[in-house]
Structures are given as structure tokens and as C-alpha cells.
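In what follows, a single structure is set out as C-alpha cells and then discussed.
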Amino acid sequence: METSVTKEPDYNKLIDEEIWAFIRKTESCYPDDTTQRSIDEQRVIYNTMCQTFSVGYPGNVEIHDDVIAGNGIQIPVRRYQLKQSELEPVIIYLHGGGYVVGSLESHDSVCAELCAHTGCRVTAVDYRLSPDYLHPAAYLDCLCVVEHEATTHSVPVVLCGDSAGGNLAAAVVNQLVGNVSTRQDSSINVLGQVLIYPELGGDTSVGSYVEHANAPMLSAEEVAFYLQVRIQGELPVSDPTFAPLQASQFAHLPRTYVVSAQCDPLSDDGKHYCEAINRAGGHAEWINEPGLVHGFIRARHSSQRAAASFQRIVAALNAIVALDTV
């Protein structure tokens, strides 16, 4: 019997010239010996790459840096708010970077624009990174900041994150809202979550992990590498703090939007996560952006497709924020 072979997609047809230009510009920021350099050097390279796509702050946004005490450390955060008016819900943004790279600098302009387009305060979290700090350090830092922002200021919160940050957002939401044993005693009001091309712990032997195993910007091999760096041992089973798709139930999760990229091995994670929420009676919407690649949020000012997707991300956040007035 013949074995079926998955044909690799024709990315020259799926991806338009604007996104190819974004891919080439991204790749040009990485020296040939990047993988041989120290983790600290790789973090500098990543932050510098992200900064090449920055367009600065919208004129009506103010920022200030702060620290939140928790887990025996000081967790750095950056707060964004409008100079004039602001809506009450706080958007807590968790950056991507494979749990290894990324910082308050890497997603700085993204957070500023989300603040400007939603009118909400945005708090970005500089959680601890692997391999310096293994799982669950990053998750615990994000959980701590969410609890602090919600309880100290007595405001509802919205979780938002891209890639690894999408995983951390979903894990925190599951703990605070989806976990029945904790949610009954929780005074934290999580209005919803918006996850951008998140890694959620899906089955890597099927679907998009196979079809888009060699996609531009992120390969299935790289996904496996980042997961291994995060845990440095056997991957956990039935641990939704590591893989939100391993949660035992999804019935109590809040309004959820997942925006995935078609040309990305992680694409089906978003699909399966939304399906699980909807099967449990919740409300989740999955948007799989055609012709886009992992990391496309950085192309929002150079690609019409990425710009349109960014507007859908903003619209999703605004839809969740509007729930606070219902």
C-alpha cells in the first residue's frame, strides 16, 4: 500500500510580494552565525530586528515603566495610556519570541498602537525567559501581573498575546476563568482574550504542523526547539499551564478570538482551540489569514494583508471591551 505524502504548499503563489519583502527584510537582520551566538546576543539581534519595523508612537500615547513584585522578584512592565481619555478595561499584552527572546522593546510599538486604537490602557509584561528560567516561570510571572492589575485597580482585564505570548495568555485565562476550582473564589473579571498566531500545544504530527513544516519565518523544527528549550526535559502531559489545548474542559472560558497565519505550522492550534471552546458552549472565533506568515504583525505598515489583519485584531479587542458596557 502506498503511503500518502503531504505536498509542500507553493508559497510563491500563496504569499504576495509585500509579505516576501517583509520576510527578506526580517532575514537580513540576522547574521549568518546567529544560532552560534550566545542567548543574550540572540536577544539583542531579535530586539534590533523588531525595532527595524517600528514606526514610533502615536502622538496621543504616553508610556511609563514600572515593576510589579511577585514570585520573589520584580517583574518589569510598561504601561501605555492615552493623554486625554481612556476606557476602564486594561489590555495585558504578552509578547512572543519562542519563550527565549522578546522584551518590552520588541513589541513596544505594537502595544502603543493597540492603546491608540482601542482607547484602553495597555500593560506589557517582561516575563522571565528560557533557558535562564524554565517553565513555569514565564507563566507564573504573567499570572502575577494579571492578578495585580485586576485586583489593585479593580478593573476588568483583556488578555492579548502573540506566538508564545498567546500561549501564556490562554494559560493564564484558563487558570483564572476556565479552572472551576479557582474561578468560584476569583474576583478577577477577565472579559476575553485575543490570541495572535499562538502556540497552544497541538498535535505536531498532523495538520498544519506537517503541511507547513517548512513555512517561511517559522518551521515545525523551530517550534520543537523552542518547546524543548522551555522545559529541557519530557514535555508535560495534561498541563494546561504549558499547553492550553491540554485543558480538561473549556466551558467557562471568556469571549475568544484567535488570529492565525495560513502559512504557519501553528495555524491549526488556533482552529482546534476555538473548536474546543465552541463545543463547550462558549464563544470563540478563528480567523486564519490567507497568505500571511508567523510574525506578520510586524508587517502591518508595509503589507496590505497584514494591515487588514491588524485592524481585525483591533476590532476583536474593541468587541471584547464593549462587553464591559453591556
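The values are calculated or read from the model by the stated rules, or taken from the named source; none is laboratory data. All of these numbers come straight from a predicted model, not from anything done at the bench. Because the Cβ atoms are built from the backbone with ideal geometry, glycine has one as well, and the counts that use them run over all protein chains shown.
For region 221-251, filtering for residues that are in contact (Cβ under 8 Å) with a residue 40 or more places away in the chain, assigned to a loop (DSSP other than H, G, I, E, B) and more than 17 Å from VAL172 (Cβ to Cβ) leaves 2.
Among residues of region 11-35 that are under 24 Å from PHE225 (Cα atoms), those with a beta-carbon under 8 Å from a residue that is assigned to a helix (DSSP H, G or I) and of a type in the set (Gly, Ala, Ser) at least six positions away or on a different chain give the pairs PHE22/ALA299; PHE22/ALA306.
Name every residue in region 264-280 that is touching an Asp or Glu at 6+ places or on another chain (Cβ under 9 Å) and of a type in the set (A, V, I, L, M, F, W, C), in order of residue number. Scanning region 264-280 gives LEU266, CYS274. Condition (residue is out of contact with any strand residue (DSSP E or B) (no Cβ under 9 Å at 6 or more places or on another chain), of a type in the set (D, E, K, R) and under 30 Å from PHE22 (Cβ atoms)) applied to region 42-59: is it met by at least one residue? Yes: region 42-59 contains one or more residues that are out of contact with any strand residue (DSSP E or B) (no Cβ under 9 Å at 6 or more places or on another chain), of a type in the set (D, E, K, R) and under 30 Å from PHE22 (Cβ atoms).
Give me the residue from region 125-149 that is part of a loop (DSSP other than H, G, I, E, B) and of a type in the set (A, V, I, L, M, F, W, C) and, out of that set, farthest from PRO240 (Cα to Cα). Don't jump to the end; show me each part of the working.
Our first condition is that a residue be part of a loop (DSSP other than H, G, I, E, B); within region 125-149, this holds for 126-136.
Now narrow it down to the ones that are of a type in the set (A, V, I, L, M, F, W, C): 129, 134.
Working: LEU129: 19, LEU134: 16 Å.
Here the residue is LEU129.
Within region 264-284, is there a residue that is charged (D, E, K, R) and at pLDDT below 95? No, the conditions are met nowhere in region 264-284. GLU289 meets the conditions (1) part of a helix (DSSP H, G or I); (2) without any contact (Cβ under 8 Å) to a residue 40 or more places away in the chain; (3) touching a strand residue (DSSP E or B) at 6+ places or on another chain (Cβ under 6 Å) in every case but one. The failed one is (1).
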